[in-house]
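The values are calculated or read from the model by the stated rules, or taken from the named source; none is laboratory data. Only a predicted model underlies this, so the values are computations on that prediction, with no experimental measurement involved. Virtual Cβ from ideal backbone geometry, glycine too; neighbours counted across all protein chains shown. Ligands, DNA and RNA are excluded from the accessible area calculation, which covers all protein heavy atoms including side chains. Shrake-Rupley method; radii C 1.70, N 1.55, O 1.52, S 1.80 Å.
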Amino acid sequence: MGFCKNFYFFPILLLILFFSIAVAQDSLPFFDNFDDGDCGDWMVYDIAPYADGPSNWVVIAGVLTQTSNIYTTEDEYSVYTGTRIITGDTSWSDYSFSVELKSTDDDGVGLLFRYRNEGDYYRYIRVEDEGNGGPFRRIERCSDSVFTILAQDIEPISYPPNYYCVTVWVSGESIKVFEEGVSVLTACDTTYSSGMIGFMCYANNGSFFDNVAVVPGLVIDSIATQIRAGPYVQNPEENAITIMWETTAETDGKLYWGESLIYTDSIDATYGKMHEVRIEGLSPQTRYYYAVGVEDTIISGEEYYFDTKPHPTTPYRMAIWGDNRTDYISHEHVVDAIIEECPLVAVNVGDVVTSGTVYEQWVNEYFWPARNLLKNTASYISIGNHEVDADWFDYYVCQPNNEHWFSVRYGPAYLIFIDTNRLYFPLSTQYNWIYDELSSTEAQEAPWLFVFHHHPPYSEGWDSPGYDGEQDIRDYLVPLYEYYDVDICFAGHTHDYERGEKDGVAYVISGGGGAALDTWQQDWSYIFVYQSLYQYIILDIDTSYVIFRCYDWDGCLVDSTLFGIYLGSEETPTDKPLDVTIFGSAPNPFNDIVRIDYYTSNLEDIEITIHDITGKRIAKIAEGSVAPGNHSVWWDTRETKRRSSVPSGVYIVNLVCRTKTVEHKIILAK
């Protein structure tokens, strides 16, 4: 689980294990970091009668997570309970019980220890919410389901923004609780001398537990100064890049980098909480590995790297997603799927948080769920309305120009980012800038011209009738897009996936990044594809073509198309007889998905099927009428797998039309 697991907690505990094994109690020490994706050895109890239940204990990305708001309704403010999860042995007596804990809700979360049964145990509980009787921290004894306060702190408190270490030490009659190595409560009680351990939640729908350890003796651990956000990669150029990270306290920082894990260069970061380091003098389209130094700890590893921008003609892969706000669990599901596609750069089309003025949401809803993508993939944000033009956007983001509207040449594509929350009417500052950018020589001579802004000009979906896109964008910006030959306009705002085309410009909504999905409301003749689902887009960009694919959050292909002309061989379709032919496939051999490229000289009714070498049909991938010209179709074996396994081997593509059958060999190599 991030840097905390790797650099603070387990090395200390393994050292303790070495010296304590001879005196360990039966079945101690005990460790669980949930990296196996399972909590099957833990027992869940929901305490009835309850509301907003049942509980939802699940392991996500190697972290035990509870996301239900369940709470017990009977004597609510006497019991402060809802759900609990238990493991261990009732023989465990004197031990240190530690966990790395995070809460994104302000209601109750706690540790249970010397747990005998559902009605008899000790607990340490924190509640921040004043509306529910907080704030307080307590050590309590539960006897026959009746709670007695043994020690209490009612000073104003708030949950730390990220993970913090909590340790409960029980020895004889003594009970001590430590947070980040600091003693916070002490009590004495002789009621229970041994028991299991566990966690509890009261009306808390954002509880995270990692790196659980139960060891004999006193072991006090601390995560010390934490990285709250990042590190993450920003504002890449061919010869420069920015690395940013935020710490929980003001501290010195240092950045190390090199073309291998043997770092050859370093630079000091400015003292403070937010650290922003610009590296100059790099080589184009080169991978570098980096490490971040915080106090005496270095966060490093082969997963911490960045790539400088490619040359203007170098092909690359881009990921696009957006509207991930609010539901950070769904957001992380989408991001995990994006990571599997290995993009060189990623673009979020906005609404990365529910409210940009709420500091905590920037980590909880964006930087934490997307951490494993952002730490090694350069990214841009096309600011959304939910960011509300807050200062926190400028605090966390490093982008060209004024960070709200800017342009970037990225390989064969020229990217223009527009802030549709600010004025973009004729004669406004931003409109004049948009006009200058679209008409510039660099934009017009680039093989591809893409525009990004949060609000869409056309939308078929919404959460209720009445919204069909932005009329002002249709009035003021769409004519510019058409005149200056914009290839694709990407937007979000509507929580779905939509793709269409009008007067040579493709319009795409990629708003399925995690927020609650919208539903279809009205039809636009310009929109060809509508899907209400969690999704992302992958673009493979070359000088002569763009392969466009939309996937759902499980990596299943939803939609695909080809912009430009892809030539699968040195011959072009015009070099061939005016007929029907398959002129290429890519990649070949392939792993999961292969693109079949074919040409028709006339309007044709075609059928394309896949067969194994015995002639058995495996899949039908296309059927219907096609116009004259170049065409592409994709075979995604992951979809075929739903019906039967598709093993590695040689397969034959059959294209059948009214005049002939064309065959083409492809190789699936897993």
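Based on protein heavy atoms only, the chain ends up with 38 Å² per residue of surface accessible to a 1.4 Å probe. What does the net charge come to around residue 288 if you take all other residues with beta carbon closer than 15 Å to its beta carbon, with K and R at +1 and D and E at -1? Net of charged neighbours comes to -4.
Within the set 616/670; 502/665; 620/660; 502/660; 309/665, which residue pairs have Cα atoms separated by over 25 Å? Beyond 25 Å: 502/665; 502/660; 309/665. Count Lys and Arg as plus one, Asp and Glu as minus one, and take only other residues whose Cβ is under 15 Å from that of residue 46; the net charge is then -3. Applied to the stretch 610-622, the Karplus parametrisation 6.51 cos²θ - 1.76 cosθ + 1.60 on θ = phi - 60° returns per-residue 3J(HN,Hα) values of 10, 10, 7, 6, 8, x, 5, 6, 9, 7, 9, 10, 7 Hz, with x for Gly and Pro.
In terms of its alpha-carbon gyration tensor, the stretch 276-406 comes out rounded; the largest-to-smallest axis ratio a/c stays below the 1.5 threshold. Using the Cβ atoms and a cut-off under 14 Å, what net charge is assigned to the surroundings of residue 508, where Lys and Arg are +1 and Asp and Glu are -1? Around residue 508, the charge tally is -4. Largest first, the three principal axis extents of the alpha carbons in the chain are 92, 64, 57 Å in whole numbers.
Paramagnetic label reach from residue 153 (point 7 Å along Cα→Cβ; backbone nitrogen cut-off under 18 Å): within the stretch 243-263, residues 249. Mean residue ellipticity, 222 nm, helices only, the chain: the sum of -39500 (n - 2.57) across DSSP H runs of n ≥ 4, divided by residue count and rounded to 500, is -2500 deg cm²/dmol. Computed with a 1.4 Å probe over protein heavy atoms only, the accessible area of residue 218 comes to about 80 Å². Dividing the convex hull volume of the alpha carbon atoms of the stretch 340-451 by its residue count gives 101 Å³ per residue.
Extension gain for residue 280 to residue 56 (0.36 nm times residue separation, less C-alpha to C-alpha distance): 75.9 nm. In this structure the amide hydrogen of residue 528, modeled in the peptide plane, comes within under 5 Å of the amide hydrogens of 499, 500, 501, none closer than 5 places in sequence on its chain. Computed on the stretch 389-467, the Cα convex hull volume stands at 140 Å³ per residue.
Taking every Cα-Cα distance in the stretch 596-670 and sorting them into 5 Å bins starting at zero, the pair-distance distribution P(r) comes out as 3, 14, 28, 24, 15, 10, 5, 0 percent. Working from Cα pairs under 8 Å separated by at least six residues, relative contact order for the stretch 297-450 is 22 percent. Extent along the principal axes, Cα only, for the stretch 330-398: 32, 22, 17 Å, with the longest axis given first. To the nearest ten degrees, helix 328-339 and the longest principal axis of the Cα atoms of the chain are 50 degrees apart. Spacing of the modelled spin labels on residue 442 and residue 261, each 7 Å from Cα toward Cβ, amounts to 3.8 nm. Dividing the convex hull volume of the alpha-carbon atoms in the stretch 409-516 by its residue count gives 103 Å³ per residue.
The calculated FRET efficiency for residue 174 paired with residue 44, based on their beta-carbon distance and R0 = 30 Å, is about 0.50.
Using C-alpha pairs under 8 Å with a sequence gap of at least 6, the mean separation divided by the residue count of the stretch 251-338 gives a relative contact order of 24 percent. Normalising the average separation of contacting C-alpha pairs (under 8 angstrom, six or more residues apart) by the number of residues puts the relative contact order of the chain at 8 percent.
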